[in-house]
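Below: one structure, written as structure tokens.
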Amino acid sequence: MKILTAPRMERCIGCHSCSLACARLVHRRLSWNTAGIRIASSGGLSTGFEARLCLACDPPPCAAACPTAAFAPRRGGGVVVRRKRCIRCGACAAACPVGAVHLEPDGEPFVCIHCGRCVPFCPHDCLEQRETQAGDASAEEKEES
Amino acid sequence: MSDSPFRVLRVDLASGKGELLELEGRSRWAGGSGLAAMLLGRFARLDRPWDDPEQPLVFAIGPLTGLYPLMSKTVCAFVSPRHGQVAESHGGGRSALALRFAGLDALVITGRAARLSCLSLGSRHLALQDVHFLQGLDVQAAGKILRRILPGAGHRSILRIGPAGETLAAIACINVDTYRHFGRLGAGAVMGAKNLKAIAVQGDGSPAIPEGKDYPRRFEEVYRLATATDMMHKYHNLGTAENVAVLNALQALPFRNLQRTHSPEAAAISGEAFAERTLLRNAACAGCPVGCIHIGFVREKFMEPNQYIYRQVSYDHEPIFAVGAMLAVGDPFAALDLMEAADRAGLDVISAGVALAWATEASEKGLLSARETLVPLRFGDARAYARAIGHLARPENDFYRLLASGVERAAAHYGGEEFACLLGQEMAGYATGEVFFVSQALGFRHSHLDSAGYAYDQRHETPQAESACRYLFSEEQSRCLLTSMAACLFARAVYTEERLAACLEAAGFGDIAARLPAIGRRVQAERWRLRLAGGFAPEAVCFPRRFTEVVTARGPIDPALLEKLKTQAAHRIRELAAEAEKENGADTGPKAVDGPPAEG
């Protein structure tokens, strides 16, 4: 299984191409919010950018918190999202330790599903899909991303 | 989608209330410059002064904003303190996408707030809040506080003014997200006159993308052209700063208040030198993968033995020309210091540099003394210029008050009009020849980006007035089309008319795609109609003698060509305005009013 990592964010220019690609290709939206990877500056643009994305916890606390199994553990870390089961309670976002789950105003959650469709749209090669061995590489991946 | 109305939020600062308007006209005006012209036609009061509270401040985006790469600009339109006529200035940053995701095609601000205020809006909120405590704060200090007190960290755009805007300097800009600007023609003073310190737009909406497979395919085609070909290489590599060495080699780089057009000193402030010595990193406007924003660093020892602070400053060709070449400041770090000083003050760095270049020559010639300038000005003296920039933003005497309202006013009072480098406003960084001089002086925005006269100069050994005139207005029309989208003009090689039509079609704007040349022509003509209605008299434009003393690689300037081209351009402007009067005058508002020619 592969997971999405952002190991070279110091190269980020803040173009949001990754978020826009996720929103466009995965979620069919025009947005920099409804995306599994979201770019933000902290304290202004002079501090550079950070990527907010799922770090592929294994086991994922968001899945444990989900009362309807809409978020279910994914092999290799992270979650599989089954939207039809979601009751929009927001428990997943509250449980995520790194703020990787975005909630729309109606409570719909958006989180990275590690599909990697954003990767080719980063002009500075900040992102990378990495192979993991299910269950035993997540700590290392967390450090690197 | 072509027939969907424009969604325009009009906010009255006096009451603090907004009104959401749905306005027809998308297939006629597209958006951006076209929408701005339509809104100026509806809201501008051309028979009143620029600072009348009812005058609108417009921010408009295009139909493709956010949908395709480099569709990342916002058009700001207003009545300029410079000439009391309609004007446009274009900026990027996050502003365009933030407006798109806030669900708006345009924002129109009218009225005057009772106290210094910040307007905050998004897809689900609108608030006007008192920020009197930000009075007098520079752009960066105000930005830090605004980021803390406003909602929506991250995905928002914060537009703000510095002290120059608050003191109504006609050379004040609006800063966008720290590194971009609505720079020219005094938009910052318009916010100041409205008691508006800042505008924060939160891009918190998430509309659906166009249906069908064609849209993602077109997106990837454009994305590939912008990132995997040489089309945008210049902007990604050295950026526009590349022009410094190129123009110097062509003897077309204005140096020392345009006393010269080339200098060996230019090598030290070339794009190559900036990249090698000062470049920290690149940045991008939201929605643009090119990353043309070049950020350099300066460090300052503030305490012995080794205590430093460092600052990050964005640079481009124009600021390097204005505070480097024009002021004969030959050290890139010193030039960055001056750019930062202008940035913090909220001054248009081009106008500030050119204004100080004039003041320096006027000092040399004895027209000004330290009584006026407060600090003796000498070419190359960056420390003195840094202090002078502070005086421009917070004028303590009549001299700086006049200079901050434009070189033409200071020169009219103190003398030295013959060497005031004015082409509608302080000149941009090209001394390529007659065609450029006319293109800026008679350009709608008085910008080098209006119609690329500099490119014509460089391609023609012996320019002819007729063909140059045709070129300028054809180029202006095609640029009107792009800025009505509102594309970054750096992408003009990517967005050919054919590709633009295909992109529009894929995004559901078939009606616009089918009318592209007509829309470009309509927007071009309507802008001129509005400009003339405010009193612009293109025939009255004069070129200060300095421009006829210029010698480029092509030889001396030909005053006869300059005059002939000006006459033809003025005639063409009148023709276009008459065309618009016939087509649009009846339904978009203001008619011509009597007014004095205001161009110098």
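The values are calculated or read from the model by the stated rules, or taken from the named source; none is laboratory data. Everything quoted here is computed from the prediction, not taken from an experiment. A quick note on method: Cβ atoms are made from the backbone with ideal geometry, for glycine too, and the neighbour counts reach across all protein chains shown.
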Conditions: (1) surrounded by 24 or more Cβ atoms within 10 Å (Cβ to Cβ); (2) more than 20 Å from B:Lys194 (Cα to Cα); (3) not β-branched (Val, Ile, Thr). B:Phe78 meets all but one. Number of the miss?
-> (2)
Unique match (being away from every other protein chain (no Cβ under 14 Å), of a type in the set (S, T, N, Q) and assigned to a loop (DSSP other than H, G, I, E, B)) among B:Ser15, B:Ser89, B:Ser27 | B:Ser15
Taking only segment B:459-486 into account, find how many residues are out of contact with any Phe, Trp or Tyr (no Cβ under 9 Å at 6 or more places or on another chain) and among the small types (Gly, Ala, Ser).
-> 4
Does any residue of segment B:364-372 turn out to be within 27 Å of the chain's Cα centre (by Cα) and assigned to a helix (DSSP H, G or I)?
-> no
With the checklist (1) at the interface with another protein chain (Cβ under 8 Å from one of its Cβ atoms); (2) at negative phi; (3) in a loop (DSSP other than H, G, I, E, B) in hand, flag the one item A:Gly14 doesn't pass.
-> (2)
All but one of (1) farther than 27 Å from B:Ala334 by Cα; (2) in contact with a helix residue (DSSP H, G or I) (Cβ under 9 Å, 6 or more places away or on another chain) hold for B:Thr432; which doesn't?
-> (1)
Filter pass, A:Ala56 being away from chain B (no Cβ under 12 Å) and at positive phi | yes
Might you let me know whether segment B:361-380 holds any residue that is free of Cβ contacts under 8 Å to residues at least 40 places away in the same chain, outside the structural domain of B:Ala169 (by TED's automatic domain parsing), crowded, with 22+ Cβ neighbours inside 10 Å and small (Gly, Ala, Ser)?
-> no
Looking only at segment B:287-307, which residues are surrounded by fewer than 10 Cβ atoms within 10 Å (Cβ to Cβ) and assigned to a strand (DSSP E or B)?
-> B:Phe302, B:Met303, B:Gln307
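Given the options A:Leu55, A:Leu25, A:Leu20, A:Leu4, name the one that is in contact with a strand residue (DSSP E or B) (Cβ under 7 Å, 6 or more places away or on another chain) and of a type outside the set (Ser, Thr, Tyr).
Answer to the check: A:Leu4.
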Might you let me know whether segment B:118-140 holds any residue that is within 13 Å of chain A (Cβ to nearest Cβ) and outside any loop (DSSP other than H, G, I, E, B)?
-> yes
Residues in segment B:283-341 that are more than 12 Å from chain A (Cβ to nearest Cβ) and without any contact (Cβ under 8 Å) to a residue 40 or more places away in the chain: how many?
-> 13
Taking segment B:141-158 as the region of interest, how many residues are crowded, with 17+ Cβ neighbours inside 10 Å and more than 12 Å from chain A (Cβ to nearest Cβ)?
-> 1
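Do we have A:Gly48 as exposed (fewer than 15 other Cβ atoms within 10 Å of the Cβ), within 14 Å of another protein chain (Cβ to nearest Cβ), at pLDDT below 95 and more than 23 Å from B:Ser206 (Cα to Cα) here?
Judged against the criteria, A:Gly48 is not a match.
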Quick one: which residue in B:Ser351, B:Ser363 is closer than 23 Å to B:Leu422 by Cβ and touching an Asp or Glu at 6+ places or on another chain (Cβ under 7 Å)?
-> B:Ser351
Of B:Ala87, B:Ala77, B:Ala142, which residue is without any contact (Cβ under 8 Å) to a residue 60 or more places away in the chain and under 30 Å from B:Leu422 (Cβ atoms)?
-> B:Ala77
Among (1) within 14 Å of chain A (Cβ to nearest Cβ); (2) touching a strand residue (DSSP E or B) at 6+ places or on another chain (Cβ under 8 Å), the one test that B:Ala241 misses = (1)
Matching option when the condition is closer than 29 Å to B:Lys213 by Cα, of a type outside the set (Lys, Arg) and under 21 Å from the mean Cα position of the chain (by Cα), among B:Leu516, B:Leu504, B:Leu481 = B:Leu481
Which of the following residues is modelled with pLDDT of 95 or more, surrounded by fewer than 24 Cβ atoms within 10 Å (Cβ to Cβ) and of a type outside the set (Val, Ile, Thr): B:Ala533, B:Ala518, B:Ala493?
-> B:Ala518
Residue within segment B:332-346 that is of a type outside the set (A, V, I, L, M) and farther than 24 Å from B:Leu185 by Cα present | yes
How do the pairs read when you match residues in segment B:411-433 that are under 16 Å from B:Tyr400 (Cβ atoms) with residues anywhere that are among the charged types (D, E, K, R), using Cβ under 6 Å and keeping only pairs 6 or more apart or on different chains?
-> B:Ala411/B:Glu417
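Taking the stated definitions as given, is B:Tyr310 in a helix (DSSP H, G or I) and aromatic (Phe, Trp, Tyr)?
Values: in a helix (DSSP H, G or I): no; aromatic (Phe, Trp, Tyr): yes.
Criteria not met by B:Tyr310.
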Looking at (1) buried (at least 23 other Cβ atoms within 10 Å of the Cβ); (2) touching a His at 6+ places or on another chain (Cβ under 7 Å); (3) within 14 Å of chain B (Cβ to nearest Cβ), which is the one condition that is false for A:Leu20?
-> (2)
Restricting attention to segment A:24-40, and to residues there that are more than 7 Å from every other protein chain (Cβ to nearest Cβ) and out of contact with any His (no Cβ under 6 Å at 6 or more places or on another chain), which single residue is nearest to B:Ser157 (Cα to Cα)?
-> A:Arg38
Right, B:Ala164: over 27 Å from A:Ile37 (Cα atoms) and not assigned by TED's automatic domain parsing to the domain that holds B:Ser314 or not?
-> yes
